[in-house]
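What follows is a short report on a single structure.
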Amino acid sequence: MEKLILEGGKPLFGDVPISGAKNAALPLIAATLLAPGVHVLHNVPDLRDTRTFLRLMEDLGVTHQREGDTVTIDATEVRDIEASYDLVKTMRASVLVLGPLLARRGQAKVSLPGGCAIGARPINFHLAGFEKLGVTCRLEHGYVDAAAPGRLRGACVYFEVPSVTGTENLLMAAALAEGVTTIKNAAREPEVGNLIDMLNSMGANIQGKNTDRLIVTGVTSLAPANCRIIADRIEAGTYLLAIAASGGEGRVTCCQPAHCSSLIDKMRQAGFILECGDDWVAVRQPGGRGLSGQAGGWKAVDVKTMPFPGYPTDLQAQFMALMALSNGMCVITETIFENRFMHVAELQRLGADIRIDGRSAVVSGRGMKALTGARLMATDLRASSSLVIAGLAAQGRSEISRIYHLERGYENLVEKLSALGATVWKERE
C-alpha cells in the first residue's frame, strides 16, 4: 500500500489539464452493452474505477483495448448476465450494468453495490423504476436478481429525490423498451447529458436533456457508439481550490466552465478573481496577489450542497479545506449524503477549527497560515482530495495513507501537482 507525501506552504502556479470525467465514463462504458458491435470512447480517464468497470465488462463477455485515452469496446457478445460481488463491492457504479443488461438480455444478476463509506445511497429508486417497466426484481443473498418476460414496456417513472445513477440506469433500459417512458424529477447533471448524447447518437430517441423531465421513445435496436467523455468538473474544481488554497494562481484547462458555475460563484464570493474562457478557468488571489504578496486572504462563505445545478456534494470536502484557511466563520451544510463529514477529523489534525452540528459543519477560519503538516488517513475519494488541498496549504510535511481512494478518481495526480510546483511524491507504507 502507498502513501502520499506533501511538503506544504508553497503556492501553486501554472496550467493543469483536466481529464475525462469518471462519473461520465462509467455509464457510457455500461451503455455499450446495449448494442452489438465495436464502440469507441474517447477521453476515458485511466483510473482505478474505470479499470475495475472494464474488468466487470470482461466478466460479462465484452472485450476492450485502450490506446491513450481512447478505449475500443467490442460488445458483439454478452455471454453472462452476472456482476459478481468481488468487483461490485469496490465500486457502487457497477449497478449501472443492470439497465442495459435488462434491455438487451431481459435479465441481470448484480451484487448489491459497495464504494465509498459516505452514506446509504440505496438503489431502491433503480429497482422501483425497473418494476414500472415490467421487470421483476428480487433481493437474494446480497444480489439483485432481475428479469423481464419479453421486451421492457414504457411507463411513467417519478423519482422522489433526483438520482444520477438511477436516471442513467432507467435511460438505458428505456432506450430499447416498447413505447414511451417519461422520467420525472430526473437528475440534470452534465454526466447524464453526456449519456443522453451518446444514446441519441446510437439511434435512441430521448428528449429533455438538461431538464428534470426526460421522454424516451423506445426503439427496436441501437448502433455502436463513437463518443467523447466530457471533462471532469469535480477534478477541475479540486485543482481550482488547491491553487487558491495554496496562495497561488493558475488555470484549469480542457474543461467546461459552465459545469463549474456554482463553485466559481462561491469562490468569487470569497474574494477570489476567476476568469473563464471557452475551455479554461483561471483563478487569482483576492487583490490579484499570491502568497508572497497577499492582500489579507479570503472571506468565509456558506455552502449548501444540492443536486445540479446547485453546489456539488463531491466538492464539499475540498471547499471546507479552503474555508479552514479563510478569514471568518461559515456553515457548510450537506443535504445529499448523511455521512459525508468523515474528513473533518483529519482536517482537525492539521489544525482546522471545525465543529459538526447535525448535517452542517461550522468552520472558523484562522487565516492562510492556520494549518500545519500532520499524518493523515484518507476515508473516501473526495475526502482524500480535501486532505491533499489542506496538506498543500499547511506549513511543513503531511503524509496521507490509504491513497487508493484518490486513485479511484484522480488521474496522474502527482504528476499534475508537480507540474504546478508542488513538492509531492508517493512512498510505500
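FYI, it's all coordinate maths here, none of it is from the lab. Fair warning: this is a prediction, and the values are worked out from it, not measured in the lab. Glycine gets a Cβ as well: all are built from the backbone with ideal geometry, and neighbour counts include every protein chain shown.
Per-residue packing, averaged as other Cβ atoms within 10 Å, sorts the ranges 28-41, 261-274, 10-23, 57-70 into the order 28-41, 10-23, 261-274, 57-70, beginning with the highest. With helices as the sole contributors, the chain gives -8500 deg cm²/dmol at 222 nm; each DSSP H run of n ≥ 4 counts as -39500 (n - 2.57), and the sum is divided by every residue. Among 196, 183, 356, the ranking by other beta carbons within 10 Å of each residue's beta carbon, starting with the fewest, stands as 356, 196, 183. The packing ranking, built from the mean of other Cβ atoms within 10 Å per residue, places the peptides 153-165, 208-220 in the order 153-165, 208-220, highest first.
Modelled this way, with points 7 Å down the Cα-to-C-beta line, the labels at residue 348 and residue 261 are 3.8 nm from one another. Placing one equal scatterer on every Cα of the stretch 22-228 and applying the Debye formula, the log10 ratio I(q)/I(0) at q = 0.19 Å⁻¹ is -1.49. Centre-to-centre, using Cα atoms only, the stretch 370-387 and the stretch 42-118 are separated by 30 Å. Using only side-chain charges placed at the Cβ, +1 for Lys and Arg and -1 for Asp and Glu, the dipole size of the chain relative to its Cα centre rounds to 780 debye. With contacts taken as Cα pairs under 8 Å at a separation of at least 6 residues, the stretch 22-228 carries a relative contact order of 20 percent. Annotation for the stretch 167-234 versus the stretch 242-263: alpha-carbon center distance of 29 Å.
Most simply put, the stretch 339-429 has about 55% antiparallel DSSP beta bridges, counting only bridges with both residues inside it. Over all orientations, the chain has a Cα convex hull whose mean projected area works out to 18.6 square nanometres. Within the same chain, lysines fewer than 8 places from residue 426 are excluded, and of the rest, those with a Cα less than 23 Å from its Cα are 3, 10, 22, 416.
Each of residue 138 and residue 306 was given a label point 7 Å from its Cα along the Cα-to-Cβ line. The distance between the two points is 4.4 nm.
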